[in-house]
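Shown next, in structure tokens, is the structure this report addresses.
Each reported figure results from applying straightforward, stated rules to the coordinates on display, with no laboratory input. Computed from a predicted model, the values in this text were never measured in an experiment. Note that we place each Cβ from the backbone using ideal geometry, even for glycine, and neighbour counts take in every protein chain shown.
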Amino acid sequence: MVEGEIAGGLAVRARGVRHSYVRGREDLRGVDLDVAPGELVAVIGENGSGKTTLARHLNALLALQAGSLTVAGLDTADPARVWELRRACGMVFQNPENQLVSSVVGEDVAFGPRNFGADEGQARAAARRALGEVGLAGFERRDAHTLSGGQQQRVALAAVLACEPDVVVLDEATSMIDPRGRDELTRAVEAFRCERGATVIWITHDMELAARADRVVVMCAGEVAASGAPADVLVDEALLSRAGLEAPLAVRTWRALEDAGVVAPSAPGACPVTTEGLVRALCG
Amino acid sequence: MRALSGYVWADSPLHRAPAAAKLAGLLVCVALVVAARGWALLAVCAGCAALAALSRVGWRRALQPVWAMRWFLVVILAMNALFGGGPALAGAGTPAAAAAQGDALSLGPVVLNASGAAQGATVVVRVAAVAVLGALLTATTRPQQLIDGVRVLLAPLGRVGLSVEPVALAVGVTVQFVPTLLRESRQIIWAQRIRCGDVSSRGILRRAVSYVRLLVPIFVSAFRRADELSVAMEARGYRLDDEPRARKGRHS
């Protein structure tokens, strides 16, 4: 992790984080969140539930209005350490095209390292290494505009990885790309997470993706409505319905099979949340 | 589309030349193109062709922007041929007046003016030459080099208080954002066609009004994209000042 001491051994520690874009309406209403180093946390919730606002606070893109937030041991309210924080916590945004600073892939990926003080050679080496990590080795000279959405999003991920972050926040990074692109990005995230042991906070509407996380955080109306293992949270249909979400396909299929009497009603925690889990449960 | 931003990987004297020198050379060449007339203009055009050959980016790439604005050039030529070329004579449009003014062709109310056509051709050649020079610059200069080049050229102005960094970055980002905005413009045109019919099948006035209507969503989209890009850049450590970057980074 970074040079600083990590508060309580946590990669992210949020206490009572509040935010209002306009007077009289709270977009974050006292968010408490702890994320352990190396953990993959999926943050889910309907549009307007405060997911993106929280993500922007993690990178100090928004000024903290109330509460406290520490990311990778750095206080997001400390203006003197904001650039250190942005190096330690990288962000991948929703639209891959709107993150491209340069039309040349290698130049785009080297942009972050240059800003954080790397010289030309170091920036290029970091870009080459990061592109290799996301499966785009040899793409340095390619025109970013000719790449597929999935490839562009992997370039965006490489741009973040080139800065060697401890925490990576993906803000609905798969919502504008096709299923193949989503799979490519998911594999790339898994690969670098295994290799570097980085913490990943994945904000998503994709319940199948959330089902593969270590932990799921459900946001509802600017608050954390629930937090727990996917097997506990994603089977709570009342909670998901209240948060404007629906259970993963595996859970819905399992419930339908239970209702049809094909399978016996499952004990708490036994309902499969992933397709693989469903197949295992059905085929033994 | 890519003509406006696409760097062509090649090894040529133009590729190897410093970006600041190329930018300064572009300004000088544009001034020459604007000032030259007649044979001098043709000589400048020959110089542009020589630069295109020297750049090794290919004729197709060098002439791509000219092809992209071919209809605009045709309109310039036609407008000059029809309405340019000296003061209108009394009874203009009549065969006698046309003959008196040295018109090349008179077809009823449409009178093509020879001197106007020559003037139009000059304007077209100038615009095309500038477009080719711009294409050669972007095809032989990577965006980061372009930003650095602008930074070097504007450095003297930094001493009198101009903030150089934002201007340099704005140039680079603008160049690389052009393809995205062009594609978005086309999508908006398609959306308008689906809902309002094909604008190109209407009269000139209605077509012009339809294109003006496109400006609002295109501007909204451009501002939204610019906002998202600025947030993404900030998240990657970019800051709007001329101070030396952080030297305590992990890469140092």
Quiz prompt | Sequence-distant residues sharing a close amide H with A:S227 (under 5 Å, placed H) | solution = A:V218
Self-check item: Inter-chain shielding of B:176-182 (mean C-beta neighbours from other protein chains, 10 Å cut-off)
Solution: 4
Quiz prompt | chain A: proportion of alpha-carbon pairs further apart than 31 angstrom, % | solution = 30 percent
Exercise. Output the relative contact order of the stretch A:154-203, whole-number percent, from Cα pairs under 8 angstrom with separation of 6+ residues.
Key: 54 percent
Exercise. Please work out the FRET efficiency for the pair B:S163 and A:C283, using the Cβ-Cβ distance as r and a Förster radius of 56 Å; give the result to the nearest 0.05.
Key: 0.30
Quiz item: Do any chymotrypsin sites (Phe, Trp or Tyr not before Pro) in the stretch B:1-63 lie in a DSSP loop with no more than 16 other beta carbon atoms within 10 Å, and if so, which?
Solution: B:W9
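Given all pairs of different Cα atoms, what value in angstroms does the Kirkwood hydrodynamic radius of the stretch A:71-206 take?
14.7 Å
Just to be sure I follow the definition: excluding the sites themselves, where is the longest run in chain A that has none of the trypsin sites (Lys or Arg not before Pro) in a DSSP loop with at most 12 other Cβ atoms within 10 Å?
A:142-284
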Quiz item: Dimensions of the protein assembly as shown along principal axes (Cα, Å, largest first)?
Solution: 100, 57, 49
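Let me have the relative contact order for the stretch A:7-247, percent, based on Cα pairs under 8 Å that are six or more residues apart.
The normalised contact order for the stretch A:7-247 reaches 26 percent.
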Quiz prompt | For A:R252, net neighbour charge (Lys/Arg +1, Asp/Glu -1) across residues whose Cβ lies under 12 Å away | solution = -4
